[in-house]
Amino acid sequence: MAREECKALLDALNKATACYHHLVLTVGGSADSQNLREELYKTRQKAQELAVATGARLTTALRDRGLGAEERAEFERLWVAFSGCLDLLEADMRRALALGTAFPLHAPRRPLVRTGVAGGAAGVAARALSARSLRQEAERGFDVDDLQELEREILQVGEMIHNMEMKVNVPRWTVQARQVAGAELLSSAGASSTGFVSIEERTGPCDLNKALAATVFSAVLLAAVALAVCVAKLS
């Protein structure tokens, strides 16, 4: 039960982090706007809430001395995935801070980068957060206040990562994956080759009767064309 709950929380965190990464890439571009900055704020808050909940569940499970070896190995794999997700979130938050500082919204003399990206990204954020709308009434000083809060939240995420490593000692290099690296690619390639072989088996070698019929048809067609040319010359 606890493992399924941790998996569900981690899946939600992955989606929120991916959504935040997508939104950060548009900061400073032609799609940048007040609405985008507010979406970034809400998505970031949601990701941090999920991170706190996921970390608490995983910490409690991994500190349980009565946990079986197989179940502990599964929780350790979830822990490593969670740690990587937090690292990506912190990196994207730092990128958002740098881009937001370089491209403030209310600075008309500082043109935004024309990346070619156009259109709103509200749909992606709404799906990740399960919200109907992320729009709020625009406030002129929102981006300035948000950048200051973002600086504090970056420190909080860094402190969260440090506390995780202090509470639970799970070195990433000691966790074994359940399948070899690239197994998914190999399995998909194997499935493709198997499908190709099955197609060849169904079709089989070239049918001699069909080949003979095609040859005869081609000969008759050429004879008809030659006869038509002769008739045209005689006339």
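The values are calculated or read from the model by the stated rules, or taken from the named source; none is laboratory data. Note that the coordinates shown come from a computational prediction; the quantities given were computed from them, not determined experimentally. Neighbour counts run over all protein chains shown; Cβ positions are idealised from the backbone, glycine included. Just the protein is used for accessible areas: all its heavy atoms, side chains included, with ligands, DNA and RNA removed. Shrake-Rupley method; radii C 1.70, N 1.55, O 1.52, S 1.80 Å.
Taken over the stretch 3-23, the criterion of being in contact with a Lys or Arg (Cβ under 7 Å, 6 or more places away or on another chain) and open to solvent by less than 50 Å² (accessible area, probe 1.4 Å) is satisfied by C6, L9, A16, Y20.
Among the residues making up the stretch 25-81, none is outside any helix (DSSP H, G or I), open to solvent by less than 10 Å² (accessible area, probe 1.4 Å) and acidic (D, E). Within the stretch 49-100, being in contact with an Asp or Glu (Cβ under 7 Å, 6 or more places away or on another chain) and not hydrophobic (A, V, I, L, M, F, W, C) holds for R57, G100. Within the stretch 82-124, how many residues turn out to be at pLDDT 85 or above, under 21 Å from the mean Cα position of the chain (by Cα) and open to solvent by less than 70 Å² (accessible area, probe 1.4 Å)? Number satisfying all stated conditions: 12. Criterion first (modelled with pLDDT under 75 and in contact with a Lys or Arg (Cβ under 6 Å, 6 or more places away or on another chain)) does L129 satisfy it? Against the criterion (modelled with pLDDT under 75 and in contact with a Lys or Arg (Cβ under 6 Å, 6 or more places away or on another chain)), L129 qualifies.
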